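Colleague: Quick one: structure below, then a few questions.
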Amino acid sequence: MLKKTMKIMFAAVAALPLLASVSWADGLMTIIVNDPSNPYWYTEGQVAKAEAEKLGYTATVSAHKGDTNTESRLIDTAITNKSKAIILDPANADGSVGAVKKAVAAGIPVFLVNAEINQEGLAKAQLVSNNAQGAALGATQWVADVGDKGNYAELLGAPSDNNAATRSNGYETVLSQYPDLVKVAKEVANWDRTQGHDKMQSMLQAHPDIIGVISGNDEMALGAIAALKEAGKLSKVKVGGFDGSPDAVAAIKAGELQYTVLQPVAVFSAEAVKQADSFIKTGKTGASAEKQLFDCLLITKDNVAKYTAPFVLSK
């Protein structure tokens, strides 16, 4: 009996190096996005999950829908479940700082995607679209489509998200060069298609002579297009978007949307997981800086055929 017990013990000890060699890929990676009913955030979560599973992790995707209390509870769950890393699209530039601090205090590295927080040195990485570059790209195309004179309107994203202001400021940098283009209305529609529709209706009633709408994202732009269709004015009002969503691409093909600025969410969501994996294994992300910008791409009717997958434009 003693010999048999000793054999079992020796076998267990002999197996330890093998177990250690594969243990890096064991464990949970928690992915928290905003709202997967939006195709952008859905893609963000699914790409990150697929990459984590490819690397050998178990992965879960949950959503805070812009609510910092929900976000905080999801972070608590990630801590309770002993996550190896958290991939987070933060709910609020200021309001999400506490949730990130909580995870860091629990020894869990956090990797932010899509949106930033207003404090550096907490997250191991913040991977976002180059929103200023993308906005300038979009606004330049918008002028080419709309022209350099007339009244126009703007739809803005959620004020709690720094991306909303960055894009709006980027638009302004370009459009302010054309003094005969006058912004007669701007409304916050919180990245939402229904709100984009409703705000467009209100702006049309107050300013029936607008010739263009520049939008902070595709969902709001698509809402605006729906309202313009209902008013019989889509042929006279040109709309530009931002994100590169499948629905926006379909609208470009249909001649309803002039362009969209593609955010490389499929690229940086996968990259965040790779950097998390690197940090878990080596203590380093492999990146040269915490904040990392990924350039956006313009999609118009001229290159829309190169859109080969959600948020992917082939070369």
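The values are calculated or read from the model by the stated rules, or taken from the named source; none is laboratory data. From a predicted model like this one, the values you see are computed outputs, not experimental measurements. Cβ sites come from the backbone with ideal geometry, for glycine too, and all protein chains shown count toward neighbours. For accessibility, only protein heavy atoms count, side chains too; no ligands or nucleic acids. Shrake-Rupley method; radii C 1.70, N 1.55, O 1.52, S 1.80 Å.
Colleague: Filter the stretch 289-304 for residues that are more than 19 Å from ALA115 (Cβ to Cβ) and in contact with a helix residue (DSSP H, G or I) (Cβ under 9 Å, 6 or more places away or on another chain); which is surrounded by the fewest Cβ atoms within 10 Å (Cβ to Cβ)?
Modeller: It comes out as LYS301.
Colleague: So which residues in the stretch 93-112 are under 22 Å from ALA287 (Cα atoms) and free of Cβ contacts under 8 Å to residues at least 12 places away in the same chain?
Modeller: Result: GLY107, single match.
Colleague: If you don't mind, another one. I need the strands (runs of 3 or more DSSP E) fully contained in the stretch 183-287, keeping only those with at least 1 residues that are open to solvent by 40 Å² or more (accessible area, probe 1.4 Å). Spell out the reasoning first.
Modeller: On the way: elements: 212-215, 238-240, 260-262.
Filter on the stretch 183-287 gives 238-240.
Colleague: Continuing with this model, one more query. Taking into account only those residues within the stretch 288-303 that are assigned to a loop (DSSP other than H, G, I, E, B) and of a type in the set (S, T, N, Q), which is nearest to GLY147 (Cα to Cα)?
Modeller: We begin by selecting, within the stretch 288-303, every residue assigned to a loop (DSSP other than H, G, I, E, B); these are 288-290, 295-296, 300-303.
Right, trim to of a type in the set (S, T, N, Q) and you get 288, 300, 303.
Details: SER288: 41, THR300: 16, ASN303: 21 Å.
Filtering the stretch 288-303 for residues that are assigned to a loop (DSSP other than H, G, I, E, B) and of a type in the set (S, T, N, Q), the one nearest to GLY147 (Cα to Cα) comes out as THR300.
Colleague: Look through the stretch 111-167, keep the residues that are of a type in the set (D, E, K, R) and closer than 27 Å to TYR42 by Cβ, and return whichever of them is modelled with the lowest pLDDT.
Modeller: ASP161
Colleague: Separate question: Would you check which residues across the stretch 137-155 are out of contact with any Phe, Trp or Tyr (no Cβ under 8 Å at 6 or more places or on another chain), open to solvent by 30 Å² or more (accessible area, probe 1.4 Å) and either among the hydroxyl-bearing types (Ser, Thr, Tyr) or touching a residue at least 12 places away in the same chain (Cβ under 8 Å) (or both) and list them? Spell out the reasoning first.
Modeller: From the stretch 137-155, those out of contact with any Phe, Trp or Tyr (no Cβ under 8 Å at 6 or more places or on another chain) are 137, 140, 144, 147, 150-153, 155; that's our starting set.
Keeping just the survivors that are open to solvent by 30 Å² or more (accessible area, probe 1.4 Å) gives 137, 140, 144, 151.
Passing the criteria: LEU137, THR140, ASN151.
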